[in-house]
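Have a look at the structure below before the remarks.
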Amino acid sequence: MSSWNDGLMTASWSRRATLLGGVGALTGLAACDSQEPAAARSSSPALALPAGSASAGPIPWRRLARHVPLVRPASSSYDQLRLTPNPRWDSARPLAIARCTTAAQVATTLAFAREHQVPIALRAGGHSYPGWSAGAGRLVVDVRPMTAMSWSGTSLTVGAGLTLAPIVAALASHDRALPTGSCPTVGVTGLTQGGGVGVLTRAYGLTCDHLRSAEVVLASGQRVTASADSHPDLFWALRGGGGGHLGVVTALTFATVAAPTVVSTYLTWPAARAAAVIPAWLDWIGSADARAWSTLKLLGGAAHPSGMSMGATVTWVGPPAGFDAMLAPLLATRPTGRFDHTRSYLAAMQAYAGSGAREAFAATSHVAYDAPGAAASTIVAHASDVPPGLHEAGISIDALGGHVGSLAPRSTAFVHRAALATVQYTATWASGADATRAPHTARSYVSSFRAAMTPAWGQHAYVNYADASLADPGTSYFGANWPRLQQVRATYDPDRLFTQPQ
Ligand SMILES: Cc1cc2nc3c(=O)[nH]c(=O)nc-3n(C[C@H](O)[C@H](O)[C@H](O)COP(=O)(O)OP(=O)(O)OC[C@H]3O[C@@H](n4cnc5c(N)ncnc54)[C@H](O)[C@@H]3O)c2cc1C
């Protein structure tokens with residue numbers, strides 16, 4: 001377990017403070033090789049090709065390569081560029097990868113896809129849980145080369161290809177901050193469109209709450225700015241409606257906040273006390289000061305040879321002197337371990353970042369609006385019963401509340417404003433594990449855990465922890481906002497050029 005559980009939202013026990021992993025741009029783009037007959041288009045189970053995507057005749061890739069840096073299977077960099085951070089999708093083979101550096105190149109690529117009916121996938125950080133940005137059998141519109149950053153006062157504009165690590169470093173160098181996730185290689189584009197939760201969420205809201213505008217290339221090829229005054233419906237949908245449906249984002253502008261000092265602690269309890277600690281933690285964080293945030297994790301598997309482990313991280317951006325008073329109700333549960341830190345924003349985000357190394361995992365989610373009641377024992381049962389072959393598996397309950405609730409559920413596409421927490425069920429396997437069995441073991445572990453908790457938490461889910469198997473994903477992710485979101489998607493992509501399943 002190197003990367004997946006090093007990021008705080010899924011941090012494993014022993015690894016808390018590792019500096020940010022570098023995210024390198026790859027080179028070695030090769031000119032297009034010979035044109036390819038239509039029949040050669042392949043598809044994989046992760047992303048079936050949409051109906052009617054087989055146009056007659058070969059695809060004239062050379063024509064696209066004259067205008068856009070294009071990587072095709074024969075290119076030397078193809079096998080590196082096609083990989084996403086999750087080895088689970090390493091079998092995905094895109095038809096081509098359009099390495100777009102400008103909005104004009106994105107527009108050209110979309111026009112080409114439309115003309116030749118080539119299915120597309122959008123790629124920023126590549127962390128799509130179901131592997132949709134891996135682009136098996138598709139033309140990948142890859143914005144990773146878009147890494148420019150610029151400041152206007154305290155507003156930061158970032159290229160859509162940026163991941164969190166360089167953004168956090170740039171913010172800190174200006175003594176500013178944003179409430180984002182903490183995994184260094186997650187893309188700001190995917191994160192923001194799904195909402196964006198992390199260690200500063202209760203204090204400052206979601207990442208998307210700080211979005212002031214976005215540059216978007218629409219399915220038609222038109223380039224627009226989405227903001228409160230321009231294409232307001234599109235702007236509404238970009239904040240929590242999930243990526244892959246509205247257009248290709250090429251740049252995002254955020255209103256930043258002053259960088260806080262982050263006081264934090266890490267508390268541990270013996271597993272035997274889990275059923276009592278879970279409701280106490282939810283009760284405490286549900287009414288805690290908005291400047292506090294916390295995640296509670298119950299994890300088992302090979303990484304926990306002495307059995308299930310339970311711990312909570314708490315962050316506080318209020319005055320250090322007020323930390324213990326804020327924490328008091330949780331300390332009443334008598335944790336057996338406590339590790340305190342006071343850090344700068346940058347040092348805190350680096351401590352929670354982990355290595356950023358690739359890691360194979362399966363995951364799904366709930367969004368909890370209430371405490372689980374008697375189902376707390378169900379949580380303990382599943383977290384204590386991790387099947388063999390999994391490196392680390394269990395549940396992570398990450399607090400919402402605080403400033404997340406300062407906006408109305410319908411004011412952005414992110415509907416879960418009144419919820420208590422996002423809940424993630426995760427299972428990872430090591431690279432040496434049985435490549436056939438491990439993905440299924442992991443998949444069934446997280447699905448059965450979610451199913452067991454559904455009576456308590458219903459079907460609410462978080463789009464950034466997308467799950468291809470959800471029965472009614474639109475309602476689960478977007479609730480009462482789903483009908484409007486469907487409308488906005490239909491308005492901006494009337495011919496369904498963007499065919500991601502959810
Ligand atoms: C290790 C790890 C840690 C995580 N930590 C957090 C966390 O702390 N907080 C949190 O909220 N989430 C977290 N997530 C979830 C993450 O926010 C989502 O997986 C997010 O969608 C990833 O965005 P991406 O750009 O990296 O991925 P991608 O796979 O590139 O894209 C994600 C989605 O956006 C679409 N998309 C990509 N590029 C564009 C574009 N230019 N325009 C429009 N749509 C586009 C894709 O079609 C896809 O649907 C984590 C995920 C992982 C794997």
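Only bridges whose two residues both fall in the chain count here: according to DSSP, what percent of them are antiparallel, nearest 5?
Values: 71 of 79 bridges.
Among the beta bridges of the chain, antiparallel pairing accounts for roughly 90 percent.
Give, as a single signed number, the net charge of other residues whose beta carbon lies under 11 Å from the beta carbon of residue 395, with Lys and Arg counted +1 and Asp and Glu -1. Walk me through the numbers before you get to the answer.
Details: positive: 297, 450; negative: 398.
Result for the neighbourhood of residue 395: +1.
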In degrees between 0 and 90, to the nearest 10, how far off the longest principal axis of the chain does helix 437-457 point, with axes built from Cα atoms? 60 degrees
For helix 482-492, report the angle its Cα long axis makes with the longest principal axis of the Cα atoms of the chain; keep it between 0 and 90° and round to the nearest 10°. 30 degrees
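Can you compute the FRET efficiency between residue 275 and residue 83 using 1/(1 + (r/R0)^6), with r the Cβ-Cβ distance and R0 = 51 Å? Round to the nearest 0.05. Walk me through the intermediate numbers first.
Details: r = 41 Å, r/R0 = 0.81.
Efficiency computed from Cβ-Cβ geometry: 0.80.
Given Cβ point charges of +1 (Lys, Arg) and -1 (Asp, Glu) and nothing else, what value in debye, to the nearest 20, does the dipole of the chain about its Cα centre take? Could you put the intermediate results ahead of the total?
Numbers: 35 positive and 26 negative charges, 119 e Å.
In debye, rounded to 20, the chain gives about 580.
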Can you give me the angle between helix 103-115 and the longest principal axis of the chain, using Cα atoms only, in degrees from 0 to 90, rounded to the nearest 10? 60 degrees
What do you get when you divide the Cα radius of gyration of the range 149-258 by 2.2 N^0.38 Å, with N the number of residues? 0.98
At a 10 angstrom cut-off on C-beta neighbours, averaged per residue, how do the peptides 239-250, 360-371, 272-283, 454-465 rank from highest to lowest? 239-250, 360-371, 454-465, 272-283
Can you tally the net charge around residue 499? Count Lys and Arg as +1, Asp and Glu as -1, for every other residue whose Cβ sits under 11 Å from the Cβ of residue 499. 0
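With a 10 Å radius around each residue's Cβ, average the other Cβ atoms per peptide and rank 60-69, 323-332, highest first. Mind dumping the intermediate values first?
Numbers: 60-69: 17.7, 323-332: 15.3.
Listed from highest to lowest mean packing, they are 60-69, 323-332.
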Whole-Å distance linking the alpha carbon centroid of the range 214-251 with that of the range 437-465 is 31 Å
Of the peptides 219-230, 300-311, 481-492, 153-164, how do they stack up when ordered by the mean number of other Cβ atoms within 10 Å, highest first? 153-164, 300-311, 481-492, 219-230
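Eigenvalues of the Cα gyration tensor times 5, then square-rooted: what semi-axes does that give for the range 225-293, in whole angstrom, largest first?
Values: eigenvalues 301, 61, 30 Å².
Equivalent ellipsoid of the range 225-293: 39, 17, 12 Å, largest first.
So if I place +1 on the C-beta of Lys and Arg and -1 on the C-beta of Asp and Glu, and nothing else carries charge, what would the dipole magnitude of the range 262-479 be about its Cα centre? I want it in debye, nearest 20. Walk me through the numbers on the way to the answer.
Values: 12 positive and 12 negative charges, 26 e Å.
Dipole size: approximately 120 debye.
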Hey, rough spin-label estimate for residue 374 and residue 306, points 7 angstrom out along Cα→Cβ, what's it come to in nanometres? 3.3 nm
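Could you work out the Rg to Rh ratio of the chain, with Rh taken as the Kirkwood radius (inverse of the mean 1/r over all Cα pairs)?
That ratio equals 0.96.
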Cα coordinate range in the range 262-479, projected on the principal axes (Å, largest first): 52, 43, 36
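Read-outs: derived from the displayed coordinates by stated rules, not from any lab. Predicted model, so just to flag it, every value in this text is computed and none were measured. For neighbour counting, all protein chains shown are included, and Cβ atoms are generated from backbone atoms with ideal geometry for every residue, glycine included.
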